[in-house]
Amino acid sequence: MSLEDLLNDKDFNRRALLKGSLTLSAAALVSAVGVNPVMAAAPDGRYSFEVFNTHTHESFSGLYRVGNQYLPEAFERINYTLRDHRTNDIFPIDPRVIDIAVAVHRMSGSTKPLKVLSGYRSPKTNKMLSKASGKVAKQSLHMSGQAVDIRMDDVSASRVRDIAKSLRAGGVGYYRKSGFVHVDSGAVRSW
């Protein structure tokens, strides 16, 4: 279901719509305060992102930033694609974590879309996951839209981890058995 279809659906969760509408304000604020970019400027100053959500099978592909200006329309779609698939809650994703994921993807040489296993995670979902596994942080940065768990079909998870760590742009978690890497826009650390 596209974002447009969802917005036209009479049964759409009103709370999710209100949370999603915060996206425009959040993206505009980020542009106004000037987040330090993670990567050097693209030759034309245009940044694209291609992501596939492994749970919903939805994707986003397109321009999300020009120079240091993040595009609110793109983030509305990114936030929807990276929503909590268990509760359907939408939350503003930190543009910096998108920059980190894009930098890792670009540096890896991958020719396939970036796969996201988890983007935003509601407190309810996070609590459920942390009870089921000791590997889920009780105060996960997923709950503030500052983390994504990623995988690439044509690049090993260990290589993705090494690239992410080399950026020194945030947290990097390596989950060898599950074959994914957690990247976030928090403090520089790794596990």
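Every number in this text was worked out from the coordinates using simple rules, so none of it is lab data. Here the structure is a predicted model, which means the values were calculated and not measured. Every residue, glycine as well, gets a Cβ built from its backbone with ideal geometry; the counts of neighbours run over all protein chains shown.
Things worth noting here:
- Estimated FRET transfer efficiency (Val188, Asn68; beta-carbon r; R0 30 Å; 0.05): 0.90
- Charge tally around Arg86: other residues with Cβ under 12 Å, Lys/Arg +1 each, Asp/Glu -1 each, net +2.
- R0 of 30 Å, Cβ-Cβ distance Lys135-His57: FRET efficiency to nearest 0.05: 0.75
- Between Asp162 and Lys127, the contour length at 0.36 nm per residue exceeds the alpha carbon distance by 9.7 nm.
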